[in-house]
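Read through the structure below, which is laid out as structure tokens, and then see the notes.
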Amino acid sequence: MRIGVLTSGGDCPGLNAVIRSIVHRGVVDHGDEIIGFEDGWRGLLDGAYRELTIDSVSGILAQGGTILGSTRVQPQSLRDGVPRAKELCESLGLDGVIPIGGEGTLKAARLLSDAGLPIVGVPKTIDNDIASTDVTFGFDTAVSVATEALDRLKTTAESHQRIMVVEVMGRHTGWIALNSGMAAGAHAIVVPERPFDISKLTEVVQERFDRGKKFAIVVVAEGAKPEPDTMPWEEGTIDMYGHERFTGVATQLSRELEHRTGKEARPVILGHVQRGGTPTAYDRVLATRFGWHAVEAVHKGAFGHITALHGTDISLVPLAEAVSELKTVPADRYAEAETVI
Ligand code: F6P
């Protein structure tokens, strides 16, 4: 068989592990030919691709980023994008296309699948917000990076008796904030799912200092917002892909906490550090398993699905279901984290 693969959207540790796994399973076990499209959907639209051989994926398992490159270009937002993609797939004689991506990529994959392309998606995002899989690869790595940063920030915060407000990624959901905050024993965790109460947050921090503690760590997801009209707040802007660009929740929150408590506060924005570098063992294994099962799905003709983790098993979920909603932090999970405070 001839199978195309591409990586689209924000990159994520583990992408190379999926690509490698697709090539190994496809080429070695099935005798397939694997075509790698460059820079996400752009490669499929412009005909920018190369053959992926066993040699070309040698040594990439532990590498961060993606050897194929990635962009946020979506076929449906370009004129004739969907028919162009279809035409190229047909002219290349592809038996299957495996797009590896997050919410936006899987929505595009669904459109292409509905247009008749033989698609099997692989979900990825450090944000862990794809509802139809228990976990996405990249999440474990991002949580580990954030946890290490939080551990390190504690010592410098304590030396200077400061409040550290640490911003982690998470546009719509607070999974990284929740898990890294729990792992590092943060004193407050702020997520986008519930607007924060600045008075309560101030109390939590103040109460620590009143008890003689010398520092406080607040973890906040980048998409978090205060309850309306409770503190000065600058909204973000919308970028060229329709995504909100935040104006720095950590900066705004630390300024307000400093003002309200009289304690020195510092914002720390972890940003893309969470997405870079080598994936954890967990993410390598999950990514490898997703790649293996995506190739199997193509061979079975199970198009219009994504690979998903349920418990310890990998299964296939219809694309329509995969993009229907985001997986947000439920109230009971947040309650467990609040006990940490
Ligand atoms: O979707 C993953 C994500 O890491 C978000 O948490 C974050 O808002 C966004 O990507 C940042 O993307 P970019 O690389 O375009 O700045």
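The values are calculated or read from the model by the stated rules, or taken from the named source; none is laboratory data. What you see is a predicted model; the values in this text were computed from it and never measured. Using ideal geometry, Cβ is built from the backbone for each residue, glycine included, and neighbour counts are taken over all protein chains shown.
Structure values in brief
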item: Residue list for region 217-265, restricted to those being of a type in the set (Lys, Arg) and away from the ligand (no atom under 16 Å from the Cβ); result: Arg255, Arg260, Lys263
item: Strands (runs of 3 or more DSSP E) fully within region 246-341 counting 2 or more residues that are under 21 Å from Ile100 (Cβ atoms); result: 305-310, 313-318
item: Looking only at region 305-341, and only at residues there that are among the small types (Gly, Ala, Ser) and in contact with an Asp or Glu (Cβ under 8 Å, 6 or more places away or on another chain), the one that is surrounded by the most Cβ atoms within 10 Å (Cβ to Cβ); result: Ala308
item: Residues located in region 1-30, provided they are part of a helix (DSSP H, G or I), away from the ligand (no atom under 16 Å from the Cβ) and not β-branched (Val, Ile, Thr); result: Asn16, Ala17, Arg20, Ser21, His24, Arg25, Gly26, Asp29, His30
item: Single residue of region 122-168 satisfying the filter (surrounded by fewer than 19 Cβ atoms within 10 Å (Cβ to Cβ) and of a type in the set (Val, Ile, Thr)) that is nearest to the ligand (Cβ to nearest atom); result: Val135
item: Unmet criterion (only one of (1) assigned to a loop (DSSP other than H, G, I, E, B); (2) touching a Lys or Arg at 6+ places or on another chain (Cβ under 6 Å)) for Pro192; result: (2)
item: Residue within region 221-238 that is in contact (Cβ under 8 Å) with a residue 60 or more places away in the chain and closer than 21 Å to Ala146 by Cβ present; result: no
item: First in region 258-282 and within 26 Å of Gln63 (Cα to Cα), second anywhere and assigned to a loop (DSSP other than H, G, I, E, B) and more than 16 Å from the ligand (Cβ to nearest atom), Cβ under 8 Å, 6 or more apart; result: Thr278/Ala62; Thr278/Gln63; Pro279/Ala62
item: Which listed residue is assigned by TED's automatic domain parsing to the domain that holds Thr261 and in contact with a Phe, Trp or Tyr (Cβ under 7 Å, 6 or more places away or on another chain), from Ala149, Ala157; result: Ala157
item: Only listed residue being under 18 Å from Gly291 (Cα atoms), within 21 Å of the chain's Cα centre (by Cα) and touching a residue at least 60 places away in the same chain (Cβ under 8 Å), chosen from Pro118, Pro123; result: Pro123
item: Residue list for region 105-126, restricted to those being touching a helix residue (DSSP H, G or I) at 6+ places or on another chain (Cβ under 6 Å) and of a type in the set (Val, Ile, Thr); result: Ile119, Val120, Val122, Ile126
item: Residue pairs meeting the criteria (Cβ under 7 Å; at least 6 apart or on separate chains; first among the acidic types (Asp, Glu), in region 2-26; second in a loop (DSSP other than H, G, I, E, B) and at pLDDT 95 or above); result: Asp11/Gly65; Asp11/Thr66; Asp11/Ser70; Asp11/Arg275
item: Subset of region 269-309 [within 16 Å of the ligand (Cβ to nearest atom) and charged (D, E, K, R)]; result: Arg275, Asp283
item: Checking Lys327 against (1) touching a Leu at 6+ places or on another chain (Cβ under 7 Å); (2) basic (Lys, Arg); (3) outside the structural domain of Ile34 (by TED's automatic domain parsing), the condition it does not meet; result: (1)
item: Matching option when the condition is of a type in the set (S, T, N, Q) and within 20 Å of Val285 (Cα to Cα), among Thr105, Thr133; result: Thr133
item: Residue satisfying condition, being more than 26 Å from Asp95 (Cβ to Cβ), within 22 Å of the chain's Cα centre (by Cα), in the same structural domain as Pro118 (by TED's automatic domain parsing) and touching a residue at least 40 places away in the same chain (Cβ under 8 Å), within set Gly291, Gly311, Gly248, Gly304; result: Gly311
